Amino acid sequence: MSADVSCRVAWADDAPAIAAVQVRAWRTSYADLLPAELLEALTPEEVSAGWNESLRRPPDARNRVLVALERNLVTGFAVTGPALDPDLDPVADGEISDLTVDPHKRGNGHGSRLVQACVDTLRADRFTRAVTWLAATDDATRAFLVGTGWDADGAHRTLDLTGDGSVTVKQVRLHTDLG
């Protein structure tokens, strides 16, 4: 018997569950990239307020938050919308700006379902290409996405997470054709 699993557009009531997944995932996935004190300072309650606001008032009608579910438990989330990079066309190019699966639920297909839901959502919003950014050192996510048809497009950037250059993350951009 298989578990009752699905993806859907997130509701504002999902904000606390999304925040809890994000905090657990960041503490696991970014332990080697971000200072421990920064990760420990993250609380689901604080993060939830930002999610609640973005779910109630998205910045663009094409911005969507999708959640992966196992029964009624949020196991992951993704964010889609127009690509914001200056070298891309926000009408034709959509972006997955976040793709996160709860560390306790990885390997159960939730990431695959989320990526497919993102692709379907971006197509429905009439984007013809999708992009996403990931840490240059995240070989597991890169291998996962390449295995589903994504590829590096040569773009890279360095994010300054604190504004003073003390915590930076190098990223690469992947893309896929939605046609």
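Ranking PRO35, SER112, THR80 by how far each Cα lies toward the positive end of the dipole of segment 5-128 (charges on Cβ) leaves SER112 at the top. Rounded, prolate or oblate: which one fits segment 88-179, using the alpha carbon gyration tensor with axes a ≥ b ≥ c (rounded when a/c is under 1.5, else prolate when a/b beats b/c, else oblate)? Oblate. Here the Karplus curve 6.51 cos²θ - 1.76 cosθ + 1.60, taken at θ = phi - 60°, turns the phi angles of segment 140-156 into couplings of 5, 5, 4, 4, 4, 5, 4, x, 9, x, 8, 8, 5, 10, x, 7, 8 Hz, with x standing for Gly and Pro. Near the amide H of VAL167, within less than 5 Å, lie the amide hydrogens of LEU161, THR162, all on another chain or at least 5 residues away, with H placed in the peptide plane. Computed over neighbours whose Cβ is under 14 Å from that of ARG142, the net charge equals -2, Lys and Arg +1, Asp and Glu -1.
Residue by residue, segment 17-28 carries 3J(HN,Hα) couplings of 5, 4, 4, 5, 4, 4, 5, 4, 5, 4, 5, 8 Hz when phi is fed to the Karplus relation 6.51 cos²θ - 1.76 cosθ + 1.60 (θ = phi - 60°); x denotes Gly or Pro. Charged neighbours of PRO58, selected by a Cβ distance under 15 Å, balance to -2 (K, R count +1; D, E count -1).
One equal scatterer on each Cα of segment 5-128, no solvent, Debye formula: the resulting log10 I(q)/I(0) at q = 0.23 Å⁻¹ is -1.33. Per-residue ellipticity at 222 nm computed for the chain from its helices equals -10000 deg cm²/dmol, with DSSP H segments shorter than 4 residues left out and the rest contributing -39,500 (n - 2.57).
Our coupling estimate for segment 66-76, obtained by passing each phi through the Karplus curve with A = 6.51, B = -1.76, C = 1.60 and θ = phi - 60°, is 10, 10, 8, 10, 10, 6, 10, 8, 6, 10, x Hz, Gly and Pro reported as x. Using only side-chain charges placed at the Cβ, +1 for Lys and Arg and -1 for Asp and Glu, the dipole size of the chain relative to its Cα centre rounds to 520 debye.
We did not get these values from a lab; they are worked out from the coordinates using the rules stated. Small disclaimer: the values here were computed from a predicted structure and weren't measured. Using ideal geometry, Cβ is built from the backbone for each residue, glycine included, and neighbour counts are taken over all protein chains shown.
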